[in-house]
Every structure is written in structure tokens, then in C-alpha cells.
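The values are calculated or read from the model by the stated rules, or taken from the named source; none is laboratory data. Remember, it's a predicted structure, so these values are computed and weren't measured experimentally. Counting neighbours? That spans all protein chains shown, and the Cβs are built from the backbone with ideal geometry, glycine included.
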Amino acid sequence: MMKILYFAWLREKAGIGEEDVSPPETVTTVAELVEWMKSRGGGFAEAFADEGMVRVAVNQEHVQTDHPVAAGDEIAFFPPITGG
Amino acid sequence: MMKILYFAWLREKAGIGEEDVSPPETVTTVAELVEWMKSRGGGFAEAFADEGMVRVAVNQEHVQTDHPVAAGDEIAFFPPITGG
Amino acid sequence: MIRVQAEDFDVGRELEKLSDGNHGVGGVCSFVGLVRDIAGDKPIQAMTLEHYPEMTELALAKIEAEAHDRWPLEETLIIHRYGRLEPGDRIVLVAAASAHREAAFEACHFLIDWLKTQAPFWKLEETPDGGQWVDARSSDDAAAERWVETKPAKSKPDAAE
Amino acid sequence: MIRVQAEDFDVGRELEKLSDGNHGVGGVCSFVGLVRDIAGDKPIQAMTLEHYPEMTELALAKIEAEAHDRWPLEETLIIHRYGRLEPGDRIVLVAAASAHREAAFEACHFLIDWLKTQAPFWKLEETPDGGQWVDARSSDDAAAERWVETKPAKSKPDAAE
């Protein structure tokens, strides 16, 4: 099981801020997780439609899409940062 | 008559902070005024001994040594600035 | 020092703490970011700052540690607010205290530039057309990029930084 | 705004005034210079700042006007103290408020760099060996020189500077 967090407009499009998911074992990287997310359809497909606008943190660290994911990870999806 | 002001170590060497002087009419530039100052000897000669360390303002404006001076001017001599 | 909070902060008191009792500090450079009443050409009634709490402090701590690695700093400070803010409200305060002013300026500039691309905050602006998420700015990426190669400032003598 | 005074100042209150009621301000960059307890390797007990009162405000006004010519600024501030100051005491506050942070940073940096070579102040340090006039630093000339060719920063969109 992985803990998934969504922020800003990704949260709005996904229609959820936080969820626990158990993707198939073939999902071993962020990129594969995103593909699986999109396959769930609805708001998830919409949230991930423009992947160039999606940033990812695994266990509170910014990562690239080839970063591994595993059960127990906290994975956050969000748009480019606009703080400060 | 010109009003002369001295600041920082130029004031200490000259032994005076402010004075009114009436140099001869041949004194028409800052450089000529400095030469005349030195000719007065004593603390003045000492204050102007290292001309590279002397900065000048005429009527509250930084100027170069070729700047004209005339009766009624306020002329200030000081070392390089160290504020801030 | 890092703080992430909904409440406003007292800039004078916070800056004072950076040099309090430390007479090795010659200069404190700070930047306060404020909510403007306009974005591009749209009027803004308010903005809401959302963040990722579990990650925010970690990200800010990394930014602060990086600044201390790069410049000879006595102290640094990052305070970032979240929640709903109105025009004129303070959003963020970053500051760097150093013996020397170049280090204070560069580190402070670095802190805000990196914070803008590294710390997980997102702005939702309230406009007459409704809520709009602020787009990331390529100028912020460029500003952060600039620090990728930057070397620390050199030290200098004199009692006042 | 320019002030030359013997008294201390309240940094928070002064910075607040720069954006008070002006919701076009997105960022305020400031620099506070403080008396250090050491210069080079000598301990400093105190320093006395002498200035040329008739010229000081004129010189500071020129520096401020130059900053407004170069950058899109909402407001600027220079406060410089004179008289006897001890380690930890504030000497100077410069600040620039702008819609955008690059302009605020650059203008603030410019204000302090130019002030250090243009405003008629001189420091006398009290050391164990007696009073010593501070030598001008070539690094300050170099810092000021840098601005001789600098062009204004470009404007950018977004409600928070």
C-alpha cells in the first residue's frame, strides 16, 4: 500500500486530497504509477492529462519520474511550485 | 573669502574643523587651493602631505582637483568615505 | 531558523533576533514578500496559500543548510505563511546575517530564489472570475537556476561588516 | 525617504511604512548595517561616526534618486546614524520596495554600495591602541563600481511580487 497526496489543482481535479492505493506489482517507478493512475479514469485521468505539469515527491523529496516507488512510500503529486 | 571645512583625520591634522580663508587671486582651482594650503605649513602641510588620500567637495558636491573655486564657495576636504 | 505558520510575524523583532548578542554580525539582509492587489492585469481580492506540511519544513531546512554551506553566515531565517491572505499581507520573510554584506545579500537572494522553486507552496488567487491557481513562472526558474553555479562571496575586513 | 540621525530606529516600523497602504508593493528588500566588535583582528570597543551634515542629505538624496531612475520602485528608505555607537548597534538601514523582487534586491544592494562610497561619513574606531580612523576599502570601491554599467531589472507578472 502507498499513501498518495494531491495538492493544488491536482487535488481539485483528482477530487481527493489523500488516499491509500495498492497498485499492481508491475508498478515500480513513478512513471508507472502515473500510468496506472491515469488508467483509473475520471478525475485521475484529468489530473494527469498534462504530465509536463505534474511534479512528484517520494517520501517528501522531489524526484524524477524514473524514481522507484514501493509499498509504504508517501507519494505526493502537485503542480510546479508557486510559493514565496 | 572661502569657507573651508575639514573632516576626520584631515580635521585632526589641520587642527581645525572650519575656517574662512582668502587665498591670493591666483588660486582658481582645487589643485591650486591645495598647493596654497600646503604652503601655510604646520598641520596644513601635514594634512595635505598625501594628496592621493584627500577628497574634495565644492558646495557639497564631490569634485576633481581641476574644479574651479571662487570666493563664496564652501570647500570641504576629507579622506575617502567609510560610512555605511 | 525556520517557521511555517498561518499567523503574521513581526519583522523588526525577527530581524533583531538574528544578531541579538552576536557582535560578529555586521549586516542583515532581508526580504519580505507581500500580497499585491493585482496579478498581470487582474485585480486580486485575496490569495490562499496551500502547502504540503510534511515536506515544507524539510525543504526549507535543506535550502537553509545549502546557504550556510555556500556563504559565511552567522544566522539565517525563513518564515513562510499559509492560509488565506489579503493584499498588503506579508507572505514570507527571509533573512541572512553575516559579518560581511556581500554574503548577507547573496545568501538572502539565494534563499528566496530557491524557496520559490523548491518549497512546496501553491497560490490560489481570488479574482472577479473566481479562484485561479497561479502558474509557475519561468522567471522564477531562471532566478533559481542562476545559483546552481554560484560560488561563495569572499570575506572582507572592517568592523561594520 | 532619507533620515540622518543620532538616535536608533525601529526596523520593523520603518519597513512597514514602505508598503503601508500601497498594495502594489510585492517585495521589500532591506539591509541593516551593525557595529561589529572586531575589525580585521583588532577588538573594537566603540566607533564614532562623523559626517558632513550640509552634504550628507544631498548625497543621500542623489543616491536615492538614482535608484528610482534605474529600477521600477514604489518607495526607498535610507536611515544613517552618526555619533558614538557600540558593538551590536545599528548604523544604517537601506530598503527598497517594488512590485517585483529582482528590482527590490538590486536597488537595495545599489543603495548600500553607493552610500558606502558617496555619502560623507567617516568612522573612528576605539581600539585598545586608541582611536583609529577606518581606511577606505578597495572592496567597497569595487562594489560601487559594479553599478556603473548596470541596467534596470525587467518587470514580471504575479500578485506576490
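What the table below lists for this structure:
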{"read-out": "Any hit, region D:20-28, residues being assigned to a strand (DSSP E or B) and touching a residue at least 40 places away in the same chain (Cβ under 8 Å)", "value": "yes"}
{"read-out": "Conditions (1) within 10 Å of chain A (Cβ to nearest Cβ); (2) in contact with a Ser or Thr (Cβ under 6 Å, 6 or more places away or on another chain); (3) not in a strand (DSSP E or B); number of the one not met by C:A104", "value": "(1)"}
{"read-out": "Given (1) buried (at least 21 other Cβ atoms within 10 Å of the Cβ); (2) farther than 26 Å from C:A99 by Cα; (3) more than 7 Å from every other protein chain (Cβ to nearest Cβ), index of the condition C:E86 fails", "value": "(1)"}
{"read-out": "Some residue of region C:116-125 being part of a helix (DSSP H, G or I), surrounded by 17 or more Cβ atoms within 10 Å (Cβ to Cβ) and over 12 Å from the mean Cα position of the chain (by Cα)", "value": "no"}
{"read-out": "Flag if A:L10 is modelled with pLDDT of 95 or more and in contact with a Pro (Cβ under 8 Å, 6 or more places away or on another chain)", "value": "yes"}
{"read-out": "Verdict on C:G131 being modelled with pLDDT of 95 or more and surrounded by fewer than 19 Cβ atoms within 10 Å (Cβ to Cβ)", "value": "no"}
{"read-out": "Qualifying residue in region C:67-75 (condition: small (G, A, S), in a helix (DSSP H, G or I) and either under 16 Å from the mean Cα position of the chain (by Cα) or more than 25 Å from D:E16 (Cα to Cα) (or both))", "value": "yes"}
{"read-out": "Close pairs (6 angstrom Cβ cut-off, 6 or more residues apart or separate chains): charged (D, E, K, R) in region A:34-53, in a helix (DSSP H, G or I) anywhere", "value": "A:K38/A:A45; A:E46/A:K13"}
{"read-out": "Selection count, region C:117-149, where residues are farther than 19 Å from C:I38 by Cα and facing chain A (nearest Cβ under 8 Å)", "value": "5"}
{"read-out": "Breaking point among (1) modelled with pLDDT under 95; (2) out of contact with any Phe, Trp or Tyr (no Cβ under 6 Å at 6 or more places or on another chain), for D:A144", "value": "(2)"}
{"read-out": "Filter result for the condition that a residue is more than 7 Å from chain D (Cβ to nearest Cβ), touching a helix residue (DSSP H, G or I) at 6+ places or on another chain (Cβ under 9 Å) and under 24 Å from D:A107 (Cβ atoms), over C:L18, C:L73, C:L60", "value": "C:L73"}
{"read-out": "Residue match in region B:15-35 (condition: under 19 Å from D:E54 (Cα atoms) and surrounded by 18 or more Cβ atoms within 10 Å (Cβ to Cβ))", "value": "no"}
{"read-out": "Residue among C:V32, C:V25 that is at the interface with another protein chain (Cβ under 7 Å from one of its Cβ atoms), of a type in the set (A, V, I, L, M) and closer than 30 Å to A:W9 by Cα", "value": "C:V32"}
{"read-out": "Residues located in region D:35-51, provided they are under 21 Å from the mean Cα position of the chain (by Cα), in contact (Cβ under 8 Å) with a residue 60 or more places away in the chain and either more than 7 Å from chain C (Cβ to nearest Cβ) or crowded, with 23+ Cβ neighbours inside 10 Å (or both)", "value": "D:A46, D:M47, D:T48, D:L49, D:E50, D:H51"}
{"read-out": "B:A31 vs. criteria in contact (Cβ under 8 Å) with a residue 24 or more places away in the chain, of a type outside the set (D, E) and touching a Lys or Arg at 6+ places or on another chain (Cβ under 9 Å)", "value": "no"}
{"read-out": "Exclusive hit being out of contact with any helix residue (DSSP H, G or I) (no Cβ under 8 Å at 6 or more places or on another chain), closer than 19 Å to D:L15 by Cα and crowded, with 22+ Cβ neighbours inside 10 Å, set D:A104, D:A96", "value": "D:A104"}
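Residue-wise test of (1) within 24 Å of C:D140 (Cβ to Cβ); (2) modelled with pLDDT under 95.
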| site | (1), (2) |
| --- | --- |
| A:G15 | no, no |
| A:E19 | no, no |
| A:P23 | no, no |
| A:V34 | no, no |
| A:M53 | yes, yes |
| A:V56 | yes, no |
| A:N59 | no, no |
| A:Q64 | yes, no |
| A:D73 | no, no |
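This table checks each residue for (1) over 13 Å from C:L93 (Cα atoms); (2) at pLDDT below 95.
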| position | (1), (2) |
| --- | --- |
| C:G24 | yes, no |
| C:G27 | yes, no |
| C:S30 | no, no |
| C:D41 | yes, yes |
| C:L49 | yes, no |
| C:P72 | yes, no |
| C:I78 | no, no |
